[in-house]
Amino acid sequence: MAQTYRLQDRGRVDLERPIDFTFNGKRYRGYAGDTVASALLANGIHLVGRSFKYHRPRGILGAGAEEPNALLQVESGPRTLPNVRATQAELYDGMAVTSVNAWPGPDTDVGAVNQLFAKLFPAGFYYKTFMWPGKAWPYYEKVIRHAAGLGKAPTDPDPDFYDKRYAHCDVLVAGGGPAGLAAALTAARSGARVVLADENPEFGGSLLSARETIDGKPAIDWVQATLDELRGHPEVRILPRTIVFGYYDHNWIDLLESRTDHLSRKPDDRPRQRMWKVRAQEVVLATGAIERPLVFVDNDRPGIMLASAARSYVNRYGVKPGNRCVLVTNNDGAYQAALDMQDAGIEIAAAIDVRAEATGPFTERAKQAGIRILPNHGVAAVDGAKRVRAIKAQPLAADGERLTGASRKIACDFVASSGGWNPTVHLFSQSRGKLRFDAETAAFVPDRSVQRARSAGCCQGTWGLMGCLKDGLAAGAEAAKAAGFPDTKAGSTPKASDDGFLPARWLWTVPGEQPVGHKGKHFVDYQNDVTAADLLLAIREGYTSIEHVKRYTTTGMATDQGKTSNVNALGIVSQARGLPIPEIGTTTFRPPYTPVTFGAWGGRDVGDLFDAERHSPMHAWHVRAGAAFENVGLWKRPWYYPIGNESMHDAVQRESKATRDSVGILDATTLGRIDVQGPDAVEFLNRVYTNGWKTLKPGMARYGLMLGEDGMVMDDGVTACLRENHYLMHTTSGGAGDVLAHLEEYLQTEWPELRVYLTTVTEQYATAALAGPNARKLLQEVTDIDLSPEAFPFMTFREGTVAGVPARVFRISFSGDLSFEINVHADHGLHMWQTLMSVGEKYDITPYGTETMHVLRAEKGFIIVGQETDGTVTPIDLGMDKLCSSKKDFIGKRSLARPDMLDPQRKQFVGLLPDDPEEVLEEGAQLVEVLKDAPPMDMVGHVSSSYMSPNLGRSFALALVEGGLHKHGQKVFAPMPGGKTIACTITNPVFFDPEGERLRA
Amino acid sequence: MPDSMMTTAASLRHSPFDPLHLAVRTQDGLQGAGIGLIPRDFRGLVTLRVDLDREPTARQAVTDATGLDLPTAPNTAASQDRLSVLWLGPDEWLFVVDDPAPDAGADLQTKLTGLLEGVFAQVVDVSGAQAAIGVTGPDAREVLERAVPLDMHPRSFQPGQVKHTLFGRHTGVSLHLKDDQPTLDLYCRRSFTGYVWRYLEDCAKGAETTLAVLADR
């Protein structure tokens, strides 16, 4: 477990706190402060996985969010996370990580056979290879997914919980490097509410990996002092381990905070991760920059990494990526890494510099330090498949497009590569900010913000440390001022070095021994396995737009979002097409910047809180009674009340019969209720319902049908006149909210002259419907209201007391039986219900649920909006045209006069009786008049409701059938899957008590 | 049916919180908890809808009936003794009678209706339609910011203000900030009481703080 490559004299890891972990089942040791990547490198491990498509051996390329290769599976079982960047994952004791896309392991990977067939997987191979036959795609996809995919998602329920919260601030600072810290400082001094977030456990950003000084002291001292001051400002929120990953309209920004991912023992009372939904007045982007690799042949061999990453491992983690390094660079800045490595005791075997002349301040220092520089050289070949062993350098021809002269082989155990730097403009681009191509640095930099945001430091192309600090101080002050806070004096900028990385030479493809695409691969996008040859092929095949090239080759897609590949790909396309990069354009960077777990997205809106449940005041009683529940909108309504092991069918048969034979009770609390008041209330009702309301006197109630402007049935219900100019409207349970919005919209926008107010009172009342021949006898025992048919006729209501509490009782009926609907204050609901149950014992009172309610109403041919209607059904189709007044206008009336609405062949509402009285049709079954041996057949309608009725002693159904109103007595057939056919006769839809004697009893 | 369910109710009234079987803390105060939730079992609630421009006498009539001047500044509330009135919209207010008497809402409704005779207005008793939850404690803002997208910071939400917003993913609530402890009253539709309460409990867990259920008054 020796960490052969650990440096004892540098780095920020805690050598006093060793940490044991396993990689692919083998035990290793690292230190607190390590990432998985740095700990693996300390143990001499570069090879960590296999690539997505070709299963090429891959090593660690970067040291942060940019890592495209080292995607690992962390832990196993329900807590496992796939595709975690080893460069971001903090090491903890007992951590178990494994390679992805490599079976049985990265050393001996069966899938590596794909490399032999690499010629079969060119750009767009999905589109070319799996096009035929089209039907087989689902099969191909399954095979491809298994072969290509990366990590494995957990299959068991997540044992952790996730927090999600909103936050508001005046200034959000994304990134805690020198520019971000400086920006937070000036913003905080103004008194603004500041959120400062950085993905790392430690603030400091690039300073953690550097050996620079600020004001003559180690830069980290400045970081500490800045944090100390920030912590003293009460309105500053400092969020380590928090990555800003999404930037949307109106400065709406998503952050992901890791709470326990880095802990060995995850406390039960702490969320694993927290999603922040931040609304910021002003934003400072200080997201730094990402080095880009050089595109040379076989540049993906394990051991080949970014120069900046190598520097980071040496300086921040105290880890040598190897003992003998070759630097491959196109710029001066990379020599800084070489110098730091040399200082740490790493031998710099050579620096292959593609520039015609190797010049610049760091280059000069490297020369002085005795580093052998090979200017105007390219990489002819790379030796070593699972770990680089040597690199072959060869002079470049004058045009830089091929190699010439003698090559020399340089032995090494790792390679540091630098192709220049890309400002991290992902968030800026997500915010729809416009980018500008800076030719000098060959990079896209922010141009114009379209939101209230500004960039500071490397992410806007400021390369020196002093410049970054200055940028940050100014940006923080400016942001606070823009948010309405007083000007703060930025003060003098701390003294620091101010070096850039130029001069550089932009050689987008470094030529090798063979032309690109022959022998060896020039990788551009490591994560998606896209090579320079793929890009060139796409262009040859006519994909000239960069957006098409992206989709055809998949470069810059998926979780990587082109962090290391974007500009290299553009450069290659630009060169191949002979157009400057600005004319090629760039593709859009999309959120999330790095992957976000589904757990964090879901937050607390999972499990019991996924869907709100609305409960009536009697809900607890229903639960105790063992009811099965049905979702109606968000309401949980009793569906049926099984006794013992009773099946749903048996329970519903029993409830239906008991209600018709004696008395049943239904919780009807969920009905929508709207209090309608005002001098123009009756006129308003006349306009929103199809039927007339002028004759409705106080104490009376009437059924109303409500249409949309299209003439289709929208809702129905009973409205009562409480007193003059005061009505109580009932809506369907599911339609309550929509109906109120519909009515308010008309009042506020179409008829503002009407003096009418609406207030929802749905929840003010608890309602029990008593139905059945004994309903009157039972209710009379607990009420002071005279229930005699003379004193209390059908379609009226009375007020009094029920069970000793104030009540309004409606004599209306959805069951078709003698029925009273009792409304009491919601607080009294349970009491009223329990009293009726108790007193009703002698009548064998039976609680019934929505299913029995459906059976009973269907026996009467009463429609349910949303079951018999589907937004295409008119009152005429339902045979309810008598309810459409000809004496007044109403919403939807004009639509009903359209010729198509009067077409006698529209689907119309009918009853159905299956020939076999035991056969229950399936709801939704299609109906035909002419039966054929096999589909297709001409369908003339469908079954909308279907039940077995104990009261009719047979099955029956409701349906919509073309021209059905005039087809009573005719036969239709329901051909079912499996070849069975159910023959039925079309009937009048009223099956039970057609004269309504029971209803009015 | 089991016999136990046939027994008469212990009380004629059940608050929206009864089904939650809350373990209400008997001793006073938060006792170190970060947030306290108070089930406000019974309240009188009355909505008033009237256009003060169209009905100039209404404002005085309301003052005569309640002693309160209707707040016309958006998102504000007025309080006096045990009565508060919350601005819900340009022509809509909610009166809250801090009195558990069964007729508290109905009585105010009768009184207002009487004084607004002849005025185009709507007065409705909604005491049963909503549940009120008191929220207090040093972490109250942190917890609520998990449930509602509002800015709860004292700079943007001051005592005497009332705001209406989405709660969780499913329902609307009104939040009346009464003091800078802070103490708030949250009003939700009665049928959502369980959802709102459980959601707040989960928010407290997410905020890594402790929650106490406190008795009303």
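Where a number appears in this text, it was derived from the coordinates with a stated rule and is not lab data. Note that the coordinates shown come from a computational prediction; the quantities given were computed from them, not determined experimentally. With ideal geometry, Cβ positions are generated from the backbone for all residues, glycine too; neighbour counts draw on all protein chains shown.
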By how many nm would the segment from A:THR108 to A:MET976 lengthen if fully extended, with 0.36 nm per residue of separation less the alpha-carbon distance? 307.0 nm
Students often forget the sequence filter, so: which aspartates and glutamates lie under 13 Å Cα-Cα from A:LYS164 once same-chain residues fewer than 8 apart are removed? A:ASP254, A:GLU257, A:ASP605, B:GLU142, B:GLU145, B:ASP202, B:GLU208
What share of the DSSP beta bridges in segment A:319-422 is antiparallel, in percent to the nearest 5? 45 percent
Restricting to lysines and to Cα separations under 29 Å from A:LYS519, and discarding same-chain partners fewer than 8 apart, the set is A:LYS53, A:LYS119, A:LYS128, A:LYS386, A:LYS392, A:LYS409, A:LYS550, A:LYS563
Length-normalised contact order of chain B, Cα under 8 Å, at least 6 apart, in percent, tallies to 28 percent
Can you give me the Cα centroid spacing of segment A:489-523 and segment A:259-283 in angstrom? 35 Å
Segment A:515-605 shape via C-alpha gyration tensor axes, a/c threshold 1.5: prolate
Within segment A:750-784, whose backbone N sits under 19 Å from a point 7 Å along Cα→Cβ of A:TYR703? A:769-773
How do A:ILE581, A:ILE986 line up, fewest other C-beta atoms within 10 Å first? A:ILE581, A:ILE986
Per the 1/(1 + (r/R0)^6) rule, R0 = 30 Å and r from the Cβ atoms of A:GLU583 and A:ALA385, FRET efficiency to 0.05 is 0.20
Likely footprinting exposure, A:CYS468, A:CYS884, A:CYS984, fewest C-beta neighbours within 10 Å first: A:CYS884, A:CYS984, A:CYS468
Assign one of three labels to segment A:293-419, namely rounded, prolate or oblate, based on the Cα gyration tensor with a ≥ b ≥ c the square roots of its eigenvalues; rounded applies when a/c is under 1.5, prolate when it is not and a/b is larger than b/c, and oblate otherwise. oblate
Relative contact order in percent for chain A (Cα pairs under 8 Å, 6+ apart) equals 9 percent
Heads up, chain A by the C-alpha gyration tensor (a ≥ b ≥ c square roots of eigenvalues; a/c under 1.5 rounded, else a/b over b/c prolate, else oblate) looks prolate
To check you understand DSSP bridge types, tell me what percent of the beta bridges within chain A (both residues inside) are antiparallel, rounded to 5. 75 percent
Applying 1/(1 + (r/R0)^6) with R0 = 25 Å to the Cβ-Cβ distance of A:SER492 and B:ARG155, what FRET efficiency is obtained, to the nearest 0.05? 0.20
What is the calculated FRET efficiency for B:GLN60 to B:GLN181, with r their C-beta to C-beta distance and R₀ = 30 Å, to the nearest 0.05? 0.30
Report the antiparallel proportion of the DSSP beta bridges in chain B as a percent, rounded to a multiple of 5. 90 percent
Normalised contact order of segment A:654-738, rounded percent, pairs of Cα under 8 Å and 6 or more residues apart: 32 percent
Need one number: the % of Cα-Cα pairs in chain B sitting beyond the 29 Å mark. 29 percent
